[in-house]
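**Q** My questions all concern the structure below.
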Amino acid sequence: MEIKSVTVAGGGVLGSQIALQSAYKGFDVTMWLRSEGSIGRAQPKLDRLVGIYTQTLEAMKTDPHAYCRGLADSPDVPPEKLDELVARAKAARGAIKLTTDIAEAFGDADLVIEAIAEVMSEKEAFYRSITSVLPERTILCTNSSTLLPSAMMDFTGRPDRFLALHFANNIWKNNTAEVMGTSETSADSYRSVVQFAQAIGMIPLELNREQAGYLLNSMLVPFLNAAEALLANDVADVETIDKAWMLGTGAPLGPFRILDIVGLNTAYNIVAASPQAQDPNSTPGRIAALLKKLIDEGRTGVNAKAGFYTYD
Ligand SMILES: NC(=O)c1ccc[n+]([C@@H]2O[C@H](COP(=O)([O-])OP(=O)(O)OC[C@H]3O[C@@H](n4cnc5c(N)ncnc54)[C@H](O)[C@@H]3O)[C@@H](O)[C@H]2O)c1
């Protein structure tokens with residue numbers, strides 16, 4: 001199915017990015033927010049993103065490192081074309097419709113992307129609330145990071161047209177989109193979503209089957225855990241562990257630089273969720289304690305200008 005109209009549910013960190021990026025690439029975009037207050041909170045997020053798109057496109061005129069893959073197909077775009085893209089970003093922002101009305105938001109959508117809170121009961125209530133107004137043709141996607149689509153498909157009333165489309169944060173530059181169906185997802189829905197992801201400037205990463213953590217986090221979380229364990233068990237210090245990874249593999253960043261980017265709160269929440277972390281003498285318990293100490297000192301990562309490292 002060819003997708004033209006897209007409704008994004010939720011206007012938080014990811015919902016606002018998905019909406020603007022889709023509008024920027026020419027789709028007819030509606031955002032559904034659950035209250036007028038949520039609309040009020042989504043508007044400045046969209047404005048901020050337009051500012052980032054504008055600054056990035058301006059910087060691309062002179063700085064080759066400014067190139068963002070989601071904003072232009074190649075780094076060699078001439079300046080006048082970049083001006084057109086700035087105008088396109090501003091027009092896209094103006095064209096996004098924001099509404100709290102379920103029938104208006106979902107009654108004529110080709111594709112719905114759900115990006116509401118990561119709480120199963122709230123996802124269930126959301127999917128159940130829209131089934132009666134959705135057209136037969138509509139494909140539903142969840143952007144959930146941790147909940148499997150098979151655990152939600154029965155709420156949708158259309159398991160064959162339901163799958164996960166998982167974006168990375170800052171989608172205009174980190175432009176991967178992991179596409180993951182359930183055993184019930186139809187091949188046609190899956191293909192349509194892969195094509196849509198390409199059309200909005202993403203690089204679709206196709207999963208053949210369901211996997212908690214998708215591709216990236218299935219590799220990244222164990223890798224970061226291993227580095228944290230080396231530190232917590234005092235095998236080596238932060239710089240030495242990072243050097244081992246970078247010099248040994250040629251990677252540009254070591255695990256502790258990556259942890260600073262992810263944010264130490266998220267790293268703490270992941271390790272603290274393990275039952276073993278309750279035992280302060282276990283490795284997860286030690287990792288949780290060292291992350292908690294840094295968090296309590298305000299060293300939560302790059303956004304706070306300090307984490308394992310200090311940033312200017
Ligand atoms: N933040 C990330 O880096 C990231 C990356 C990939 C995927 N995700 C996923 O995207 C989804 C949203 O994450 P986020 O970071 O944008 O969250 P967020 O907290 O920034 O935004 C959530 C949005 O949903 C709305 N909302 C919350 N509960 C709701 C409900 N019950 N009904 C309707 N609307 C509701 C909020 O008002 C807000 O607009 C989650 O499933 C998350 O796992 C997040």
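The numbers here are math on the coordinates, done by the rules we state, and not lab data. The model shown is predicted, which means the values in this text are computed figures rather than measured ones. Here the Cβ is made from the backbone with ideal geometry for all residues, glycine too, and neighbour counts use every protein chain on show.
**Q** For the chain, give the magnitude of the charge dipole about the Cα centre (Cβ charges: +1 Lys/Arg, -1 Asp/Glu; no others), in debye to the nearest 20.
**A** Values: 28 positive and 37 negative charges, 66 e Å.
Taking the Cα centre of the chain as origin, the dipole is about 320 debye.
**Q** While we're looking at this one, here's another question. Post the alpha-carbon centroid distance, segment 1-49 to segment 192-224, in whole angstrom.
**A** Answer, in whole Å: 21.
**Q** Moving to a separate point now. Residue by residue, what Karplus-based ³J(HN,Hα) values in Hz, rounded to whole numbers, does segment 281-294 have, using 6.51, -1.76 and 1.60 with θ = phi - 60° and x for Gly and Pro?
**A** 8, 7, 4, x, x, 5, 4, 4, 5, 6, 5, 4, 4, 5
**Q** Suppose we keep just the DSSP beta bridges with both residues in the chain; what percent of those would be antiparallel, to 5? Mind showing how you got there, number by number?
**A** On the way: 7 of 30 bridges.
Restricted to the chain, the bridges split so that about 25 percent are antiparallel.
**Q** Okay, next question. Order these by the 10 Å Cβ neighbour count, fewest first: I287, I241.
**A** Values: I287 26, I241 20.
Fewest-to-most Cβ neighbours within 10 Å comes out as I241, I287.
**Q** Enter the Cα centre distance for the pair segment 70-122 and segment 135-179, rounded to the nearest angstrom.
**A** For segment 70-122 versus segment 135-179, the Cα centre distance is 16 Å.
**Q** Evaluated at 37 °C with a viscosity of 0.692 mPa s, what Stokes-Einstein diffusion coefficient in µm²/s does segment 1-40 have when Rh comes from the Kirkwood expression over alpha-carbon pairs?
**A** On the way: Rh = 10.4 Å.
So the translational diffusion coefficient is about 314 µm²/s.
**Q** Moving to a separate point now. In the structure displayed, which of K97/K123; K90/K123; K25/K305; K173/K293 lie more than 29 Å apart, Cα to Cα? Numbers along the way, then the final one.
**A** Values: K97/K123 22 Å; K90/K123 31 Å; K25/K305 33 Å; K173/K293 32 Å.
Long pairs (Cα-Cα over 29 Å): K90/K123; K25/K305; K173/K293.
**Q** Near G157, within a Cβ-to-Cβ distance under 15 Å, what is the net charge of the other residues, with Lys and Arg +1 and Asp and Glu -1? It would help to have the intermediate numbers written out before the result.
**A** On the way: positive: K123, R128, R137, R158, R161; negative: E114, E124, E136, D154, D160, E184.
For residues surrounding G157, the net value is -1.
**Q** What does the charge count around R209 come to, taking other residues whose C-beta lies under 14 Å from its C-beta (Lys +1, Arg +1, Asp -1, Glu -1)? Kindly include the intermediate steps, with their values, before the conclusion.
**A** Values: positive: none; negative: E178, E184, E206, E210.
Net of charged neighbours comes to -4.
**Q** Each residue of segment 39-52 in order: what ³J(HN,Hα) in whole Hz does its phi give by Karplus 6.51 cos²θ - 1.76 cosθ + 1.60, θ = phi - 60°, with x for Gly and Pro?
**A** Here the 3J(HN,Hα) series is 4, x, 7, 6, 4, x, 5, 5, 4, 4, 5, 4, x, 5 Hz.
**Q** Rounded to the nearest whole Å³, what is the per residue volume of the convex hull around the Cα atoms of segment 51-123? Could the numbers behind the result be given before it?
**A** Numbers: hull volume 10.4 nm³, N = 73.
Convex hull of Cα atoms, per residue: 142 Å³.
**Q** Also, I was wondering about something else. Kirkwood hydrodynamic radius (Cα pairs, Å) of segment 1-159? Intermediate values should be presented prior to the final figure.
**A** Values: mean 1/r = 0.0604 Å⁻¹.
One over the average 1/r among Cα pairs gives 16.6 Å for segment 1-159.
**Q** Another question, if that's okay. Going by amide H atoms built from the backbone, whose H comes under 5 Å of the H on I203, apart from near neighbours?
**A** T176, A177
**Q** Then there's this: If you rank W245, W172, W32 by fewest surrounding Cβ atoms within 10 Å, what's the result?
**A** Working: W245 19, W172 23, W32 28.
Ascending Cβ contact count within 10 Å gives the list W245, W172, W32.
**Q** Now, a different point. Looking at segment 97-235 from every direction and averaging, what is the projected area of its Cα convex hull in nm²? Each step should come with its number before you reach the end.
**A** On the way: hull surface 39.6 nm².
With the hull built on Cα positions only, its mean projection is 9.9 nm².
**Q** Got a sec to turn the phi values of segment 221-232 into Karplus ³J(HN,Hα) couplings, 6.51 cos²θ - 1.76 cosθ + 1.60 with θ = phi - 60°, whole Hz, x for Gly and Pro?
**A** My calculation for segment 221-232 gives 5, x, 4, 5, 4, 5, 5, 4, 5, 4, 6, 5 Hz in order.
**Q** How many percent of Cα pairs in the chain exceed 32 Å?
**A** Percentage above 32 Å: 35.
**Q** Can you list the lysines whose alpha carbon sits under 16 Å from that of K61, skipping same-chain ones fewer than 8 residues off?
**A** K81
**Q** What does the charge count near G181 come to, summing +1 for each Lys or Arg and -1 for each Asp or Glu among other residues with Cβ under 14 Å from its Cβ?
**A** Values: positive: R158, R161, R191, R209; negative: D160, E178, E184, D188, E206, E210.
Residues close to G181 contribute a combined charge of -2.
**Q** Let me ask something else about it. Can you list residues whose amide H is under 5 Å from A9's amide H, if they're 5+ apart or on another chain and H is modeled 1.01 Å from N?
**A** Those qualifying (amide H under 5 Å, at least 5 residues apart or on another chain) are W32, I113, E114, A115.
**Q** Suppose only helical runs count, i.e. DSSP H with n ≥ 4. What mean residue ellipticity at 222 nm does that imply for the chain under -39500 (n - 2.57) per run, divided by all residues and rounded to the nearest 500 deg cm²/dmol?
**A** On the way: 12 runs with 146 residues, N = 312.
Calculated from helices alone, the mean residue ellipticity at 222 nm is -14500 deg cm²/dmol.
**Q** Please find the FRET efficiency linking E58 to M219, where r is the Cβ-Cβ separation and R0 is fixed at 51 Å, and quote it to the nearest 0.05. Please list the in-between numbers first.
**A** Values: r = 35 Å, r/R0 = 0.69.
With R0 = 51 Å, the Cβ-Cβ based efficiency is 0.90.
**Q** Give the share of C-alpha pairs in each 5 angstrom bin for segment 154-271, from 0 to the last occupied bin, in whole percents, shortest bins first.
**A** 2, 10, 16, 17, 15, 13, 11, 8, 4, 3, 0
**Q** With a 10 Å cut-off between alpha carbons and a GNM built on the chain, which of A115, A87, A197 moves the most?
**A** A87
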